[in-house]
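S.K.: Before anything else, here's the structure in question.
The values are calculated or read from the model by the stated rules, or taken from the named source; none is laboratory data. Just so we're clear, the structure is a prediction, and the values are computed from it rather than from any experiment. Note: ideal-geometry Cβ built from the backbone for every residue, glycine included; neighbour counts use all protein chains shown. Accessible surface is based on the protein model in full, side chains and every heavy atom, while ligands, DNA and RNA are left aside. Shrake-Rupley method; radii C 1.70, N 1.55, O 1.52, S 1.80 Å.
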Amino acid sequence: MEEANQSVVSEFIILGLCDSWDLQAFFLVIFSSLYLITVLSNIFIVVLIITDLHLHSPMYFLLANLSFIDFCLSSVTTPKMITDFLKENKTISFGGCMCQIFFGHFFGVAEMVLLVSMAYDRYLAICKPLHYSSIMDRHVCIGLVMTSWIIGFLHSVSQLVLIVKLPFCGPRELDSFFCDIPLVIKLACKDTSILEILINADSGVLATICFILLLISYSHILFTVCHSTDGASKAFSTWTAHITVVVLFFGPCIFIYLWLVSITWVDKFLAVFYAVITPLLNPAIYTLRNKEIKNAMKRLQC
């Protein structure tokens with residue numbers, strides 16, 4: 001009985017994005033370039049916000065943390081995917097697989113909660129400007145960031161506890177480029193149908209709740225902007241940048257965990273978009289649409 005409860009599989013085989021060596025060589029160049037740009041751009045935003053005194057405000061404090069999380073999130077799976085393009089036999093150890101799951105959910109949920117905090121910050125700044133400075137002080141900002149990390153950690157631990165003790169003794173092929181719970185749990189040597197529902201509900205419901213909170217906040221902001229004349233253009237520009245990031249981040253996440261029909265190529269596309277593209281788009285969107293960030297970049301050049 002004790003032996004049956006042990007994980008016999010010591011590593012998983014990763015099938016990757018495709019079988020063609022030509023395509024893999026193409027993806028190697030593309031994803032290596034994207035990852036390098038993602039790392040440099042997110043680190044640049046963090047350093048810029050820290051060093052420029054004009055950006056020492058709650059909004060940019062939260063933005064710096066978002067960029068740091070994006071850097072971490074992209075680094076969970078992308079380096080492994082890039083190195084696997086060079087290998088004929090792509091494998092990942094059981095421990096490495098569990099680490100990808102843990103940190104993927106950790107940083108992913110931390111970013112979800114942080115986006116809600118950023119929406120709350122914009123809600124106060126636009127809808128309640130007279131009370132903004134008294135509410136969003138340094139302690140509140142630090143508390144919001146710490147809350148995002150704590151919720152991310154607790155969620156990730158709860159997910160890992162449910163799967164780490166599962167028996168893996170049979171098939172070990174993952175039709176993807178990284179380890180994620182919906183894929184790994186199907187390889188367990190027992191019926192996991194109820195566990196799949198619990199895990200998907202956990203992640204899906206959390207993402208949906210955060211998404212609904214964001215929609216409520218940004219709806220209030222949009223209503224206020226539409227009935228305001230002072231600074232309406234600047235507020236609307238900020239609103240569109242934030243809502244674009246929210247849609248790009250939550251769209252693939254909710255689809256992966258709540259969509260009942262699994263289509264392999266769609267799942268792979270969404271996984272690539274979520275892990276590689278979104279962490280790159282966030283700094284691009286905030287940099288290109290944010291006047292203060294662009295002014296800080298000009299001051300840095302001088």
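S.K.: Within segment 53-62, does at least one residue satisfy the condition of being more than 21 Å from Phe102 (Cβ to Cβ), touching a helix residue (DSSP H, G or I) at 6+ places or on another chain (Cβ under 6 Å) and either open to solvent by less than 10 Å² (accessible area, probe 1.4 Å) or of a type in the set (Gly, Ala, Ser) (or both)?
M.R.: Yes, the conditions are met somewhere in segment 53-62.
S.K.: Right, another one. The conditions are (1) within 30 Å of Gln24 (Cα to Cα); (2) modelled with pLDDT of 80 or more; (3) surrounded by 17 or more Cβ atoms within 10 Å (Cβ to Cβ), and Lys186 fails exactly one of them. Which is it?
M.R.: (3)
S.K.: If Lys294 passes every condition in (1) farther than 22 Å from Val39 by Cβ; (2) modelled with pLDDT of 75 or more; (3) open to solvent by 80 Å² or more (accessible area, probe 1.4 Å) but one, which one does it miss?
M.R.: (1)
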